[in-house]
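Taking it in order: structure first as C-alpha cells, then the write-up.
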Amino acid sequence: MQTALRRLLAIPTSAYVDDYFTVDLQHSAVSSQQILQSFFAEIGIVLKTRKSVSPDTTCVLLGVVVDLSRACSGIITISTMPERLARVLTSRCAAAHARR
C-alpha cells in the first residue's frame with residue numbers, strides 16, 4: 001500500500017500496522033491528505049474520522065518527531081521526544097545492570 005501511495009501518487013506516507021500518516025511540505029500537505037483520503041475511498045477502505053489529524057509539516061509517531069517546517073531552507077529534523085528517550089535509556093540501563 002505504501003509503495004502505491006509513494007510511487008503512483010507521490011505522497012510521502014508511512015504506516016504503523018493499519019495507521020497511515022503523511023508528513024509533507026507546507027504547500028502540498030493539504031492536497032496530499034485529500035489524495036490519500038480519496039485513494040482509500042476508491043479502494044473501499046473507510047478511514048476513521050476520529051483518528052484523522054490535520055495536515056502538518058511536523059509528525060510525531062512512536063516518540064519520533066519528523067519536522068519538515070524548514071525543508072525549503074534545506075533543513076529536515078528528525079528527533080526523539082524526551083519522554084521516549086528517557087524510557088529507552090532507563091530500559092537499556094536496567095538491562096545492562098541485569099547482565100552484570
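The values are calculated or read from the model by the stated rules, or taken from the named source; none is laboratory data. For clarity, every value in this text was computed on a predicted model and none was experimentally measured. Virtual Cβ from ideal backbone geometry, glycine too; neighbours counted across all protein chains shown. Accessible surface areas use protein heavy atoms only, side chains included; no ligands, DNA or RNA. Shrake-Rupley method; radii C 1.70, N 1.55, O 1.52, S 1.80 Å.
Run residue 62 past the list (1) under 16 Å from the mean Cα position of the chain (by Cα); (2) among the hydrophobic types (A, V, I, L, M, F, W, C); (3) on the phi < 0 side of the Ramachandran plot and report the number of the one that doesn't hold.
The number of the failed condition is (3).
What strands (runs of 3 or more DSSP E), lying completely within the stretch 1-95, carry at least 1 residues that are open to solvent by 60 Å² or more (accessible area, probe 1.4 Å) and among the β-branched types (Val, Ile, Thr)? First the steps, then the outcome.
Working: elements: 13-16, 19-22, 58-61, 64-67, 77-80.
Counting at least 1 such residues, we get 58-61, 77-80.
Hey, can you tell me all the residues within the stretch 1-59 that are of a type in the set (A, V, I, L, M) and within 22 Å of residue 77 (Cα to Cα)? Talk me through it step by step, then tell me what you get.
First pass over the stretch 1-59, keeping only residues of a type in the set (A, V, I, L, M): 1, 4-5, 8-11, 15, 17, 23, 25, 29-30, 35-36, 41, 43, 45-47, 53.
Within the stretch 1-59, 10, 11, 15, 23, 25, 29, 30, 53 qualify.
Any residue in the stretch 30-49 that is out of contact with any Cys (no Cβ under 7 Å at 6 or more places or on another chain), in contact (Cβ under 8 Å) with a residue 40 or more places away in the chain, over 16 Å from residue 11 (Cα atoms) and not basic (Lys, Arg)? Don't jump to the end; show me each part of the working.
Let us first name the residues in the stretch 30-49 that are out of contact with any Cys (no Cβ under 7 Å at 6 or more places or on another chain), namely 30-49.
From what is left, the residues that are in contact (Cβ under 8 Å) with a residue 40 or more places away in the chain are none.
There is no residue in the stretch 30-49 that is out of contact with any Cys (no Cβ under 7 Å at 6 or more places or on another chain), in contact (Cβ under 8 Å) with a residue 40 or more places away in the chain, over 16 Å from residue 11 (Cα atoms) and not basic (Lys, Arg).
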